[in-house]
1. Once the Cβ-Cβ distance between residue 395 and residue 332 is put in as r, and R0 is 25 Å, what FRET efficiency do you end up with, to the nearest 0.05?
2. For the stretch 282-423, what does the alpha-carbon gyration tensor say about shape, rounded, prolate or oblate, given a ≥ b ≥ c as the root eigenvalues, a/c under 1.5 as rounded, and a/b over b/c as prolate?
3. Please state the relative contact order of the chain as a whole percent: Cα pairs under 8 Å, 6+ residues apart?
4. What residue among 240, 142, 297 shows peak mean-square fluctuation when the chain is described by a Gaussian network model with Cα springs under 10 Å?
5. Each label point is 7 Å from the Cα along the Cα-to-Cβ direction; what then is the distance between the points at residue 403 and residue 260, in nm?
6. Just check the stretch 12-120 against the gyration tensor rule for me: Cα atoms, a ≥ b ≥ c as the square roots of the eigenvalues, rounded for a/c under 1.5, and otherwise prolate or oblate depending on whether a/b exceeds b/c.
7. Relative contact order, percent, of the stretch 22-228 when contacts are C-alpha pairs under 8 Å separated by at least 6 residues?
8. Using only DSSP helix segments of four residues or longer, with each worth -39500 (n - 2.57), what per-residue ellipticity at 222 nm results for the chain after dividing by its residue count and rounding to 500?
Ligand code: EPZ
């Protein structure tokens with residue numbers, strides 16, 4: 001297995017470019033299943049384990065894929081199977097994204113139930129509710145979702161989500177674009193990942209009104225077309241790199257971003273005392289003498305993202321005062337806290353809120369990654385901890401951060417990847 005070995009205390013400085021968004025890549029790759037008319041060319045796709053896993057899932061269905069220099073080519077001409085097996089789905093919950101497009105194009109899909117998640121329950125009831133509203137019959141049997149369409153074709157409907165869900169909105173959109181008639185979605189997720197999926201589907205020939213808002217209207221089409229598309233930047237990777245700079249008292253510029261998408265996060269950096277300068281495509285962060293304790297509450301976009309919560313907690317261990325970090329999306333997403341405390345942080349958990357007492361001197365030791373963003377928070381802590389921090393099980397990090405140690409090294413971090421035997 002791989003571990004990251006970090007010798008803390010180096011101030012980060014310089015420029016770095018954001019990679020393509022993982023959480024946008026996954027739904028747009030799934031959307032290629034909607035047509036068999038030719039080949040899609042998707043640029044700026046990050047070279048990540050999750051993209052490989054999703055490509056394997058598509059290959060299992062009969063889809064041809066090839067990946068080179070961050071460009072993914074996909075052709076869904078010869079889909080031979082409509083079944084997403086447990087072995088692949090258990091590796092990545094986002095596999096559920098094949099449900100909507102397979103059902104809409106072929107009238108049938110069998111997708112293994114995803115099972116547990118490292119940070120608490122993550123139900124898929126809203127995905128299933130949306131498919132049923134569009135006329136699908138759903139049966140759960142032998143660990144699989146079996147979805148079919150008794151009427152032969154999905155038909156437009158009104159879908160009102162009781163909870164804002166990125167995945168369920170994505171699935172509903174991908175099903176509705178091939179349904180007969182008009183579908184309306186209320187309380188749709190307005191995350192940039194869904195906004196980009198809408199733009200992708202529109203480029204394929206779909207009609208969608210309300211892109212980027214919580215009210216969407218989709219007019220179904222008979223068929224859609226393959227396209228060439230440039231993926232957007234990864235807003236969570238960009239936020240993580242800015243936090244890495246801030247925790248070390250550094251100054252960095254992240255290029256290749258749309259600052260508007262980072263608004264809630266940048267606002268919190270300013271509250272914490274950082275100076276933020278933006279251009280149309282970059283963000284520059286300058287650290288203050290002393291970071292200030294800053295509360296955040298993770299909620300759906302445009303609020304502070306849950307995917308930055310763990311990194312913010314790591315940052316606040318170095319801030320003057322007590323900060324409260326509340327997660328209203330995943331109430332149990334706090335696996336990083338015991339590990340941060342092992343590095344010397346003083347963090348308590350009260351229900352879905354972490355209370356961080358800062359600043360605390362951290363000292364390096366071995367820590368264990370438990371999920372993607374938890375791992376990122378441990379890397380941030382390692383950058384400021386005295387001595388050497390070893391972040392074990394970095395395969396979690398590799399699911400979502402492209403060349404993270406190369407990027408951090410280029411900014412001046414002392415970080416290397418080494419092999420180890422866990423037992
Ligand atoms: C996406 O997950 C992201 N994953 C997650 O990022 C992110 O944390 C999450 O959105 C929230 O922003 C991908 O895009 C691949 P949700 P998703 O459905 O779509 C509840 C990362 O670190 N819910 O928006 O699965 C759910 O429990 C990952 O990159 C239901 O109740 O999240 C949660 O409380 C981790 N029933 C809330 O909705 C459902 O059927 C939002 O979850 C679906 C969701």
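1. 0.70
2. rounded
3. Relative contact order for the chain comes out at 21 percent.
4. Among 240, 142, 297, the largest mean-square fluctuation in the Gaussian network model of the chain belongs to 142.
5. 2.8
6. Taking the square roots of the gyration eigenvalues as a ≥ b ≥ c, the stretch 12-120 is oblate.
7. Contact order relative to length: 20 percent.
8. Helices in the chain give a 222 nm mean residue ellipticity of -8500 deg cm²/dmol.
Each reported figure results from applying straightforward, stated rules to the coordinates on display, with no laboratory input. Remember, predicted model here, so these are calculated numbers, not experimental data. With ideal geometry, Cβ positions are generated from the backbone for all residues, glycine too; neighbour counts draw on all protein chains shown.
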